Every structure is written in structure tokens, then in C-alpha cells.
Amino acid sequence: MARKKLSEFRAKSILTAALGVEYAGVSVDTDDKGWQKHLPSKGRFVVKVDQGVKGRFKKGLVKLDVAAADLAKAVTELGSRGYRYLLIEPFAAHAEEAEFYLSIERTRAGNFVSYSRLGGIHVESKAGAIKRVRLESSSDSAAAKELGLPPESLQILADTFDDNYFAFLEINPLVITDGTPQLLDAAVEVDDEAAPFVNERWTPDDFRDPSQLTPEEEAILELASQSQASFRLKVLNPDGAFFLLLSGGGASIVVADEVNNQGHGKLLANYGEYSGNPNVEETYLYTKQVLSLMLKSKAPRKVLIIGGGVANFTDISKTFKGVVQALDEVKKPMRQQNIKVFVRRGGPNEAEGLAQMEKYLLREDLHGRVAGPELTLSKIVPLAAETVTTGAAS
């Protein structure tokens, strides 16, 4: 039975409506240029990634007790790590011992409920305390009684589970306040086989299934979650011709816009950026994923544009070592596909880095053009476009 993950925002909207509990969550899409206008103006909040990522708290993808004035900064920071969808909710202060665990799962043998008074982010280390029983009236009352959850609330959750063809529901932590359940974190998976019955209920934006990402996008999300540097990668056209390896959010916008202005928007393969002074290994890992996408593309002519503004503190020679390391692993298939590389970069140790890059590209017959700040950033695009349209490097 295939499963799709609902966004936490959508899952909680459904569950709280069924329970008759007010839900004040706000979903943020960082690709929406007007996302800041949706931010709450008063109070304190939790900001977290809403993309079906497991272990968010341990990966630093949840920010607690954020003031309204700092919401934009928190969203921007998490977004800079490669995440598009975020969830903002009111911060609910509570004691750690008040965090319970509750889940319902559909199996061939029926629906089962698992529950424990020892919930929270370390629930896996307390797995021995989790009880699991078939979801029946007798066991329902036992689960509800142990958690202090009104039996009717558990019945509502069970009914909502079935009515919406959920395959899995996990609430962790669950906090009970004066008999009212608070779903601080919730994860829901929908039975894919039920699609013909419930398709009208969902839109593509309701789902956050990591399987919808390419392996390369998943790898960059994982890299971003483990680094202080910023990494983003979004595949636009798997069979595109223009592949971008860009440093800095501003540079990525300039180059992507120029590709479109040159009339090649439909051939733009990816969008993203790396910044924040990544080390050699991180740059290598990021470049490797972009190159993987590029070699899979069926476009007859392809170019790689390595670009960026004039960096303030990112060491150009250091990051270029990582880029060259990744290029060196696939230089043969790149030559076979006649891929050319175009570079425009500036910043600390730029002379050393650019010389290193040009020497390598010339030696391996991958050279398109290598330039520093003397060339306007956007001007690298028409040079690369000439290769795509005519097959001749400028």
C-alpha cells in the first residue's frame, strides 16, 4: 500500500476542525514573493519546516518561542537551507512531562493505536513504554484513560482517520490541557490507493512526500540540514540545457532571469544557490548533485554556468577546489556530451581560484569562458547561450 505524506498544515487543519479545536497555523511558501504579508504581527511562535522531513528538531529545522518581529528572519534562515514550505504556529509553553505520544496505523489486521505518556523528541529512546493495541472500543478507553484524553476525542480522531483514508497518523507530542487535546506535532500519510475516492479533497500542494523530490534535491536538503552554509536546489526541467551552479541568492536571480530574458526560459534546468562560505567538501557535494542532473538531461547541447557576485568572505579558491573535484569525477562523460563550462566569479582569492579553474577546464577540453568581475555577471549568459544554440564555445 503506497502512502503519501500530507503537509502538517493540511493534516492539522483537518484534525482540529474535526475536534472542534481552533487552529491558528500559517503555511508559508517561500517561493511566493508576498509571503511576508501572511506573517502574524503579535505573539510568540514556533517556526518549522513542513516538507515531510523526519527528525526536524534534531536537525535544527524547528525554531521555538520566536517573537512576531523575528518571524521573517526565522523563515528566511530556514528557507536559505533549501526548504520551500514552512509552518508557523503559536508557541505553547508546557512541561516536558506533559508530552504524550499517540498514533493510529492501518494494517491488514485492522487499525491499531499506539500510545505512551513518555512522548516528545526522544520518544524512540523510550519505545519500551509505548503500548500498541487494536483500535476497538475496549482498548480505546484504555488508551484514552492513560493519556487523560476524552474518549470522544479519540473516537473523533479514529473516525477522521477512516473518513479521510489515512494510512498513518502520529501526534507527538500530544498535550492535554483541561481535557482539550493540543496537537503540537502531527504527521499524516494518506493511502494512495484511495485516490479515486478522495482526489477532489486534495491539491498537489497538500502533499509533502519526499519521494516527489529528485534524488539530487533530497541530497541537497540533507546537506543543508547539516551545514551552517546555505544550499538550495530546485529542478525546473530535467531535460534542460542551462545548468546553474551559483553562489549567492542575488546572483542566482540575476543569472536565472537573464537566461529567461535571452529567450531560453524553458531550457533552464535548475535553480538554486550555495553561499555562506561552504568548505571544500560541502561545495564538492553540492556540485556533484548539479552535475548528476546535467548528465541525465537529454538536451542535445548543454552548458554549466558557474556564477556569483563579488563575495565578501567566501574563499573563491577554496570553493573552486570542491567544484573541480566534482568535475574531475565526470570529465569523461562531460566531454562525450560536449558540455562546456562558463565561469564568472569574484571575491577573496579570486585570481588564484579563477586561474586554477581555467587551467583545469582547458586541460580537460571543458572550457567555455572564465571571467572575473571585469565581466558583468549577466553577460556570461549570452556567451553560454551561443554554445547551446550553435554548439560553438565563445
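Coordinate-derived values only; no laboratory data. Since we're looking at a predicted model, the values are computed, not measured. Here Cβ is always computed from backbone atoms with ideal geometry, including for glycine, and neighbour counts include all displayed protein chains.
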Per DSSP, loop GluC sites (Glu not before Pro) in region 348-382 with at most 14 further Cβ within 10 Å: Glu374
Among Lys332/Lys359; Lys298/Lys321; Lys58/Lys321, which pairs are too far apart, with a Cα-Cα distance over 19 Å? Lys298/Lys321; Lys58/Lys321
When only DSSP loop residues count, what trypsin sites (Lys or Arg not before Pro) in region 95-177 have their Cβ near at most 11 other Cβ atoms within 10 Å? Arg108
Amide H of Gly119 versus every other amide H placed in the peptide plane: which residues, excluding those fewer than 5 positions away on the same chain, fall under 5 Å? Glu99, Phe100, Tyr101
May I ask which of Lys12/Lys288; Lys4/Lys234; Lys37/Lys266 have a Cα-Cα span longer than 28 Å here? Lys12/Lys288; Lys37/Lys266
Say each of Ser41 and Asp239 gets a label point 7 Å from the Cα, pointing the same way as Cα to Cβ; how far apart are those two points in nm? 5.0 nm
Mean separation of Cα pairs under 8 Å and 6+ residues apart, divided by the residue count of region 22-90: what relative contact order is that in percent? 49 percent
Among beta bridges assigned by DSSP with both residues in the chain, the antiparallel ones amount in percent, to the nearest 5, to 75 percent
With 10 angstrom as the radius, rank Tyr165, Tyr101 by how many other C-beta atoms surround their C-beta, starting from the fewest. Tyr165, Tyr101
Can you run phi through the Karplus equation (6.51, -1.76, 1.60; θ = phi - 60°) for region 76-85 and list ³J(HN,Hα) in whole Hz, with x for Gly and Pro? 4, 5, 5, x, 5, 8, x, 9, 8, 9
What residues have an amide H closer than 5 Å to that of Arg44, excluding those fewer than 5 places away on the same chain, when H is modeled at 1.01 Å from N in the peptide plane? Phe91
Do you know the relative contact order of the chain, to the nearest whole percent, from alpha carbon pairs under 8 angstrom that are 6+ apart? 13 percent
Once the Cα gyration tensor of region 96-205 is diagonalised, semi-axes √(5λ) in Å: 24, 15, 14
Need the full-extension length gain, Val310 to Arg201, defined as separation in residues times 0.36 nm minus the C-alpha distance. One decimal, nm. 34.4 nm
Which whole-number percentage describes the relative contact order of region 96-205, with Cα contacts under 8 Å and a sequence gap of 6 or more? 26 percent
For an R0 of 45 angstrom, estimate the FRET efficiency from the Cβ-Cβ distance between Asn349 and His94 and round to the nearest 0.05. 0.35
Based on the Cβ-Cβ distance from Ile253 to Ala142, what FRET efficiency comes out when R0 is 45 Å, to the nearest 0.05? 0.20
Residue by residue through region 21-31, what is 3J(HN,Hα) from phi via Karplus (6.51 cos²θ - 1.76 cosθ + 1.60, θ = phi - 60°)? Round to whole Hz and write x for glycine and proline. 9, 5, 10, 10, x, 10, 8, 10, 10, 5, 7
Just to confirm a number: summing +1 for Lys and Arg and -1 for Asp and Glu over residues other than Val388 whose beta-carbon lies under 11 angstrom from that of Val388, what do you get? +2
I need the calculated FRET efficiency for the pair Asn261 and Lys298, taking r as the beta carbon distance and R₀ as 22 Å, to the nearest 0.05. 0.35
Given the rule -39500 (n - 2.57) for each run of at least 4 DSSP H residues, summed and divided by the residues of the chain, what is its mean residue ellipticity at 222 nm, to the nearest 500 deg cm²/dmol? -10500 deg cm²/dmol
Do any trypsin sites (Lys or Arg not before Pro) in region 342-394 lie in a DSSP loop with no more than 13 other beta carbon atoms within 10 Å, and if so, which? none
So, with points 7 Å from each Cα along the Cβ direction, the Lys126-Gln228 label distance in nm works out to 3.3 nm
